[in-house]
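Colleague: Quick one: the structure is below, questions incoming.
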Amino acid sequence: MNLDELKREAAAQAVAMVEPGMRLGLGTGSTAKHFVDLLAARMKRETLGIIGVPTSEATRIQAASLGIPLTTLDETPELDLTIDGADEIDAKLRLIKGGGGAHLREKIVAMASKKMIVIADETKLVEILGKFPLPLEVVPFGLAATRLAITRAIEASGCRGELTIRKRATGEVWLTDSGNVILDAALGTIPAPEDLAERLDSVTALVEHGLFIGIAKTAILATSSGIKTMSV
């Protein structure tokens, strides 16, 4: 199977874990998109009675078009399960997320859930986080000062790397669903993810970083030799 087929296989395994009546967090990205598609297909075969909270406008539009009942965290502040993808996963189920620019809402939804399951293909499993640039959602006001504070936090954690403002293919600055900008930190390796996360948490205008630590409890990885499940 190619990578897209592996992603779909991981998503199918997660759909099978959805129980009737669940309040679901619906992730963002290519693998999560498969999950939403397959969940909608299952709902046509079964009466599930589920309701979902999308983690992005893209996911909201997709889910609504497929007839999945939606709610918000204001209406439904506690969720049973969030299914989402990841850009990197290590053996402790520490993640880098945000390649799709939705990690702020993804983290809010995941933290409102009793459990988070990550779905991905085997290429996302790494020994050390950091090869994928770490997304940092920041307030546009005072950007130069925020970049300096972020750089100092990164260096204090033993990392170094260029910070780049994310742009779209058109050259326009990428704005998140919340109207913020994203700085991508090309760090190469992150030897101490917990330490870096704590230091980044102290930067005032940094709304959210893409390190998800202690949040995911299970990962479903589709590999060329079958499904691999990891739990912590």
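Values in this text are rule-based calculations from the coordinates and carry no lab data. Note that the structure is predicted; figures quoted are calculated from it, not measured. Cβ sites come from the backbone with ideal geometry, for glycine too, and all protein chains shown count toward neighbours.
Colleague: Take the alpha-carbon centre of the range 83-119, take the same for the range 167-212, and report the distance between them in whole Å.
Modeller: Centre-to-centre (Cα) distance: 14 Å.
Colleague: Need one word for the chain: rounded, prolate or oblate. Basis is the Cα gyration tensor (sqrt eigenvalues a ≥ b ≥ c); a/c below 1.5 gives rounded, then a/b vs b/c decides.
Modeller: Since a/c reaches 1.5 and a/b is larger than b/c, the shape of the chain is classed as prolate.
Colleague: A follow-up question, please. Of Leu73, Ala14, Leu200, which is farthest towards the positive pole of the chain's charge dipole, taken about the Cα centre with +1 and -1 on the beta-carbons of Lys, Arg and Asp, Glu respectively?
Modeller: Positive-end residue among those listed: Ala14.
Colleague: Let me ask something additional. Give me Lys97, Lys167 ranked fewest to most by other Cβ atoms within 10 Å of their Cβ, as a rough exposure proxy. Could you put the intermediate results ahead of the total?
Modeller: Values: Lys97 32, Lys167 12.
So the residues, fewest neighbours to most, are Lys167, Lys97.
Colleague: Now for a different question. Skipping prolines and chain starts, which residues have an amide H placed within reach, meaning under 5 Å, of the one on Leu73, given they are 5 or more residues away or on another chain?
Modeller: none
Colleague: How large is the helix-only mean residue ellipticity at 222 nm for the chain, computed as the sum of -39500 (n - 2.57) over DSSP H runs with n ≥ 4, divided by its residue count, in deg cm²/dmol to the nearest 500?
Modeller: -9500 deg cm²/dmol
Colleague: How do Phe132, Phe35 rank when sorted from fewest to most other Cβ atoms within 10 Å of their own Cβ?
Modeller: Starting with the residue having the fewest Cβ neighbours, the order is Phe132, Phe35.
Colleague: In whole Hz, with x marking every Gly and Pro, tabulate ³J(HN,Hα) for the range 83-97 from phi via Karplus 6.51 cos²θ - 1.76 cosθ + 1.60, θ = phi - 60°.
Modeller: Karplus-based 3J(HN,Hα) across the range 83-97 equals 10, 8, x, 7, 8, 8, 9, 10, 5, 8, 6, 7, 10, 10, 10 Hz.
Colleague: Can you order the peptides 117-128, 10-21 by their average number of other Cβ atoms within 10 Å per residue, highest first?
Modeller: 117-128, 10-21
Colleague: What nm value, rounded to one decimal, do you get for the distance between Val173 and Asp74 when each label is placed 7 Å out toward the C-beta?
Modeller: 2.7 nm
Colleague: With point charges of +1 on the Cβ of Lys and Arg and -1 on the Cβ of Asp and Glu, referenced to the Cα centre of the chain, which listed residue (Leu38, Ala145, Ile119) lies farthest in the positive direction of the dipole?
Modeller: Result: Leu38, furthest along the dipole toward the positive end.
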